[in-house]
Amino acid sequence: GGHRADIGAARRARKRTERIAMGSARGMGKGIPGMHSCDDGGARAELRPHLAGSVQASSISIQHSAFSLQRSLSSSAARLVTLWRTLHPLPGGRWLFARLFARAVPYSASTRPTVLRLEAGHAEVSIPDRHANRQHLGSVHAIALMNVAEMASGLAMTAGLPAGVRGIVREIRMEYLKKARGTITAVSRVEIPSITGDTDVDVTADCLDPSGTVVARATVRWRLGLTPTKTT
């Protein structure tokens, strides 16, 4: 009886996550220029359970990947944060958010990042200490650290942008302070000033090892500016 109840609960969780995932994918398509989800039938057919007692999505087709944080930051901050708040409490929700992000920004997803926290001006992202993220000496590769630090800075920045403001990375400076071993978590916080024209903002992201020691620090310079208005 208990086993059947667990199966029933897992199925209900799967269906709930499917419904929310489909709504979230459509919301991303509406909120982020150039990104569109596929039709409901096609995307729904690709959703599959992946974890025992929970659900994960194997894939959601996205036709255009305009969610690039380095190229264009639009007024999608509210939708991004809402999507995160909607998905991350659900069974498999963090995994699904990561899959959507991976479809939109394939390179940033190459280190298998997991978003741990996302709110306006604050992001925390972790990467595993796996073989593909290491260098020849066995510690986490310098560029993998830069990757997760840039991602954390971009998410923190994007989530805090006011409507009508966009940005692009102009410079990244890295300090490597200690050998990086184990799961690495990049933590970034930023206060966005009032933007009336092109403005450079430096965003710091600290890379922490499992003991909380800062093993690397990135300073990412973002050029923020007003989104051009379309003329008819």
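The values are calculated or read from the model by the stated rules, or taken from the named source; none is laboratory data. Model, not experiment: these values are computed from the prediction. Here Cβ is always computed from backbone atoms with ideal geometry, including for glycine, and neighbour counts include all displayed protein chains. Heavy atoms of the whole protein, side chains included, go into the accessibility calculation; ligands, DNA and RNA do not. Shrake-Rupley method; radii C 1.70, N 1.55, O 1.52, S 1.80 Å.
Values for this structure:
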{"read-out": "Residues (exposed (fewer than 10 other Cβ atoms within 10 Å of the Cβ) and modelled with pLDDT of 95 or more) located in the range 209-232", "value": "211, 212"}
{"read-out": "Members of the range 178-201 found to be in contact with a strand residue (DSSP E or B) (Cβ under 6 Å, 6 or more places away or on another chain) and either at positive phi or open to solvent by less than 100 Å² (accessible area, probe 1.4 Å) (or both), listed by number", "value": "180, 183, 184, 185, 186, 187, 188, 190, 195, 199, 200, 201"}
{"read-out": "Among (1) under 24 Å from residue 112 (Cα atoms); (2) out of contact with any Gly (no Cβ under 8 Å at 6 or more places or on another chain), the one test that residue 189 misses", "value": "(2)"}
{"read-out": "Residue, surrounded by the most Cβ atoms within 10 Å (Cβ to Cβ), within the range 109-133, restricted to residues that are of a type in the set (Lys, Arg) and closer than 20 Å to residue 181 by Cβ", "value": "112"}
{"read-out": "Matching entry among 106, 162 (being within 22 Å of residue 83 (Cβ to Cβ), in contact (Cβ under 8 Å) with a residue 60 or more places away in the chain and surrounded by fewer than 21 Cβ atoms within 10 Å (Cβ to Cβ))", "value": "162"}
{"read-out": "Pairs, first at positive phi in the range 118-143, second in a loop (DSSP other than H, G, I, E, B), C-beta under 9 Å, six or more apart", "value": "121/190; 121/191; 121/192; 138/179; 138/181"}
{"read-out": "Selection status of residue 93, surrounded by fewer than 21 Cβ atoms within 10 Å (Cβ to Cβ) and out of contact with any Phe, Trp or Tyr (no Cβ under 6 Å at 6 or more places or on another chain)", "value": "no"}
